[in-house]
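The values are calculated or read from the model by the stated rules, or taken from the named source; none is laboratory data. In this text, all values refer to a predicted model and were calculated from it rather than measured experimentally. Reconstructed Cβ throughout: ideal geometry from the backbone, glycine too, with neighbour counts over all protein chains shown. With ligands, DNA and RNA removed, areas are computed over all heavy atoms of the protein, side chains included. Shrake-Rupley method; radii C 1.70, N 1.55, O 1.52, S 1.80 Å.
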Amino acid sequence: MEDTIRLYRTLFGNRAYVRSVCEGAVFLAASSIAIFAAVAYATVHASNYVTDFVLSRVGPFNVRFLFIYGTFTAFAITASLLAGRPNRLPFALKAMALFLLVRAVFVALTHMAPSPIDPHAPAPFFNSIFFGSDLFFSGHTGLPFLAALAFWHIPQWRVFYLALTAFFGSIVLLGHYHYSIDVLAALFITHVIFQMSCWLFGRDYALFRSSENQAVQRPKRAIRKRVEKWVGAHSPKRPTLVLVGGPGRVGEDSVPSGQSKTGS
């Protein structure tokens with residue numbers, strides 16, 4: 001707990017970090033507006049549903065409880081991971097924002113209606129959030145996979161988010177909330193989004209991984225060194241002060257006053 005509080009004080013006391021967090025928050029807000037607009041557009045202009053190799057043989061089953069509340073649970077776990085290590089926040093915000101922006105483009109281009117689902121109608125609030133014609137590609141499959149790629153250097157969380165990816169991929173197919181191509185394509189597109197995030201936000205990704213690098217040997221100093229390195233990279237360069245000698249020629253040794261240069 002003390003290390004976390006110290007890390008909060010160090011990071012939020014740096015203007016570059018605060019600016020990066022604000023940039024990520026603004027980017028995420030703009031991407032959220034874009035995805036909601038794309039979903040509304042695709043839902044209004046949705047065409048008929050199509051047949052699918054997997055959906056024609058499986059379900060539909062009533063898995064709305066797992067689909068909705070599993071999403072909230074995964075979000076709460078991820079939020080706790082980011083809150084416990086604030087160095088992860090800038091990259092997480094920007095990578096998620098890029099994910100939503102790319103998905104908004106794909107959703108706006110695809111106006112296909114979802115496959116018929118079970119007759120139990122969800123609540124209107126949940127229906128407006130979770131059940132639209134935003135099919136390609138599956139966000140419930142892509143976001144856990146994006147988290148798995150980001151936490152790849154931590155084995156336990158890598159396995160957890162990969163299992164979560166398989167879980168939500170199965171849920172959306174069992175409930176007929178996505179076509180099989182939506183789930184399969186989400187893995188490939190998400191990997192590209194992650195690589196783009198590492199390229200565009202390289203310094204933020206280095207800070208994201210800083211709390212685990214060399215954690216076995218010297219945890220406190222490792223975290224501090226990584227933070228100082230990130231802060232130094234974002235700090236303005238200070239001019240170097242160069243001392244210039246007197247009227248003597250370059251290469252001559254300075255001699256105290258009153259003494260001969262030739263020596264005794």
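Can you tell me which residue among Leu101, Leu66 is open to solvent by 60 Å² or more (accessible area, probe 1.4 Å) and under 17 Å from Asp134 (Cβ atoms)?
Leu101
Being charged (D, E, K, R) and over 19 Å from the mean Cα position of the chain (by Cα) is the requirement here; does Arg19 meet it?
Judged against the criteria, Arg19 is not a match.
I'd like to check something: does the stretch 40-58 contain any residue that is out of contact with any Phe, Trp or Tyr (no Cβ under 7 Å at 6 or more places or on another chain), part of a helix (DSSP H, G or I), polar (S, T, N, Q) and open to solvent by less than 40 Å² (accessible area, probe 1.4 Å)?
Taking every residue of the stretch 40-58 in turn, none turns out to be out of contact with any Phe, Trp or Tyr (no Cβ under 7 Å at 6 or more places or on another chain), part of a helix (DSSP H, G or I), polar (S, T, N, Q) and open to solvent by less than 40 Å² (accessible area, probe 1.4 Å).
Within 25 Å of Leu174 (Cα to Cα) and not β-branched (Val, Ile, Thr): which single residue out of Ala104, Ala92, Ala97, Ala79 fits that description?
Every option except Ala104 fails the conditions.
Look at the stretch 146-162 and say how many of its residues are assigned to a helix (DSSP H, G or I), open to solvent by less than 60 Å² (accessible area, probe 1.4 Å) and among the hydrophobic types (A, V, I, L, M, F, W, C).
The total comes to 5.
Of everything in the stretch 7-22, what is assigned to a helix (DSSP H, G or I) and either of a type in the set (Phe, Trp, Tyr) or modelled with pLDDT under 90 (or both)? Give them in sequence order.
Once the filter is applied, which keeps residues that are assigned to a helix (DSSP H, G or I) and either of a type in the set (Phe, Trp, Tyr) or modelled with pLDDT under 90 (or both), the stretch 7-22 yields Leu7, Tyr8, Arg9, Thr10, Leu11, Phe12, Tyr17.
Residue under question is Phe36, and the condition is that it be without any contact (Cβ under 8 Å) to a residue 24 or more places away in the chain, buried (at least 16 other Cβ atoms within 10 Å of the Cβ) and either touching an Asp or Glu at 6+ places or on another chain (Cβ under 7 Å) or in a helix (DSSP H, G or I) (or both); does it hold?
yes
Pairs needed: first member in the stretch 47-67, over 16 Å from Leu184 (Cβ atoms); second member anywhere, among the small types (Gly, Ala, Ser) and at pLDDT below 85; C-beta distance under 8 Å; at least 6 residues apart or different chains.
Listed by first residue and then by second, the contacts come to Ser47/Ala113; Asn48/Ala113; Tyr49/Ala113; Tyr49/Ser115; Pro60/Ser115.
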